[in-house]
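The values are calculated or read from the model by the stated rules, or taken from the named source; none is laboratory data. The model shown is predicted, which means the values in this text are computed figures rather than measured ones. Because the Cβ atoms are built from the backbone with ideal geometry, glycine has one as well, and the counts that use them run over all protein chains shown. When the accessible area is computed, the model is the full protein with side chains, heavy atoms only, and any ligands, DNA or RNA have been set aside. Shrake-Rupley method; radii C 1.70, N 1.55, O 1.52, S 1.80 Å.
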Amino acid sequence: MTRGAQAATIALAIVASIAGLYAMRFLAAPVALAIVVGLMLSPIAERLESRKMPPAVSAAVAVVVFILLVGFLIAAVAAPLTSWAGRVPEMWRELQLQLSSLSQPLEMVQSIRDEIRKVTGGSDVTVSVEEGSPVESVAVLAPALIAQVLIFLASLYFFIATRDQTRLTVLRLCSGRLLRWRVAHIFRDVEELVANYLLAITIINIGLGFAVGISLWLIGVPSALLWGAMAGLLNFVVYIGPITMAVILVVVGFASFDTFWASILPMIIFLLIHGAEAQFVTPSVIGRRMTLNPFLVFLSIAFWLWLWGPIGGFVAIPALLVFFAIARNILPGFEWALSEERRRQYSRLP
């Protein structure tokens, strides 16, 4: 009974925590994203602080560098993306024209459906969907988006500026020496795992974006660099991002070429490049530092996407790394995501 009560209490605490994270997603999502980005920018601040720069100034410099990089990326893709957005009606007509070869099979399916309705006595059902005004939707969403961006930037600055103070405060709250030792190792492992993962995956995605952009440019796809940049950005969201990019390239191909096979060629090229990256490049780079269980990665992405949407998809893998950094310092014999050097260090511990 005692163990059952403890298990029930833990289960209720987990459910309550998930419900709390979902209810607080407006505030919790940008703060979590700021912590993840802050772990990636912390080496910049540490380098500046090693040259006698105050933490408040080094944090400001790191945030400004991040804003400039994001602004440069937005400026680079804004113009071609706006041009493609204006071509949406034309792209839709081209897509209908390319798919006209499927009209006969679709007409056959339609006739079969009509015959089934006659036999079963079914009747047509009219469904009307009332949509809100786009102007009204933008007016409602814009203030919330601006507020989340401000929360993200403020959280990012204060996290970088006070990261050492936060660590020392948490360590002072630990009563025993063993607990303090474990918490110190948790901080170290979280910073190492998340920073190394984000740095490695960022470099890989930049290379992927260049490879996709150049390949699409060689076959004559308009705005090839735009699609390369989008491929690199979407690849941060494992599984979901590449699927989304493949669908986008199918639409772009149908709008850019006349024949069916030429239209799906951009998608095929992207899938080949992404397959080489996923099967060879990423395992050879990240696999030296950690071993990711694909099933756990999929569950983490699905959970965080459900919980926080696109932001959740970005923080899913770092959140999984944080969880295992905590678990391997609490559970004996837990060596997931340890490098070979760190495994040897842990094996010598009593």
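For the reader, a short list of remarks on this structure follows.
- Hydrodynamic radius of region 237-315 by the Kirkwood approach over all distinct alpha-carbon pairs: 14.3 Å.
- Spacing of the two label points (7 Å from each Cα toward its C-beta) at residue 285 and residue 199, in nm: 1.3 nm
- Radius of gyration over Kirkwood radius for region 158-228, both on Cα atoms: the Rg/Rh ratio is 1.37.
- Label-to-label distance, residue 70 versus residue 13, with points set 7 angstrom from Cα along the beta-carbon direction: 3.4 nm.
- Calculated FRET value between residue 214 and residue 166, using beta carbons and R₀ = 41 Å, to 0.05: 0.45
- Ranking 258, 189 from most to least accessible surface, computed with a 1.4 Å probe over the protein chains only, gives 258, 189.
- Largest to smallest accessible area among 25, 167, 172 [probe 1.4 Å]: 172, 25, 167
- The calculated FRET efficiency for the pair residue 244 and residue 175, based on their C-beta separation and a Förster distance of 45 Å, comes to about 0.40.
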